Amino acid sequence: MAQTPLPVEYVTAAETVLTFDTALTGSIAARDTINIGFKQGGRIIEVAVKEGDKVARGQELARTDPTQQEQSLMVARAKLATAAAQRDQARQTQTRAEGLLEAGVGTRASLDNALQQVSAAEGAVTQARTALDQAERAVADTTLISPADAIVISRKGEVGQIVGAAQPVIAIARTEGIEAVFQTPDLPHLKDAIGLRISLRGLDTRLPAMEATIREISPSSIPIPARSRCAPRSRTHPPTWPCWALR
């Protein structure tokens, strides 16, 4: 008995680009964050911002008690005024010594002494001006200023708190650039993803649809979250196979 012929279909083989679509859950983060502290320690008397506030470059963020610095500033101003008066007096003495020498009733030694006094007085004025500049900077340093347009992400100091020099008081995130960070398993052709355009959609907030470019793929030691659809090896052990962070 003859067998029924099997239908056969002929297709032409062709090379095509392998595509892979996946959905990952990640987070939006600032590319640059800055911890800001006072250059000198002191007691905080004001914190002018709170978490989530937008701040502009040059905006005041916090202040420490400036009493000691302001007193030092007053002393520095008084010392400069005294040094300037002594310099003016020394110059007058020099002028008199030059006149007496030209008239033939003075001595060269007197003029040389007057010139030395002028030189010393001018040096004292220079030192006093330097001290005044330092005192003015010390007063200015009691005010914490934002170095860039940013968003306050945390307050690490409160009114009444004693802080040390350079101790972080405010943390800000620059608004100039943000990035989306995802964790992904070692997918096929992952190394070729640099430069690809991806679509972003907000989950927790009503954000408009966005597009981004993958600029970095780096190894990560953080276990992949369950919501990225990667099954653990067991209920008690999270997955530990290669994990990569996309930015």
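The values are calculated or read from the model by the stated rules, or taken from the named source; none is laboratory data. Treat the numbers as computed from the prediction; the structure is a model and nothing was measured. Here the Cβ is made from the backbone with ideal geometry for all residues, glycine too, and neighbour counts use every protein chain on show.
The figures follow:
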{"quantity": "Qualifying positions in segment 1-59 - assigned to a strand (DSSP E or B) and under 13 Å from Ala171 (Cα atoms)", "calculated": "Ala30, Thr33, Ile34, Asn35, Ile36, Gly37, Val47, Lys54, Val55"}
{"quantity": "Those strands (runs of 3 or more DSSP E) lying entirely in segment 126-200 with at least 2 residues touching a Lys or Arg at 6+ places or on another chain (Cβ under 8 Å) and not β-branched (Val, Ile, Thr)", "calculated": "150-155, 168-174, 178-185"}
{"quantity": "Matching entry among Ala62, Ala85, Ala97, Ala78 (being touching a Gly at 6+ places or on another chain (Cβ under 7 Å) and either modelled with pLDDT of 95 or more or in a strand (DSSP E or B) (or both))", "calculated": "Ala62"}
{"quantity": "Some residue of segment 46-56 being surrounded by 14 or more Cβ atoms within 10 Å (Cβ to Cβ), in contact (Cβ under 8 Å) with a residue 60 or more places away in the chain and over 30 Å from Ala212 (Cα atoms)", "calculated": "yes"}
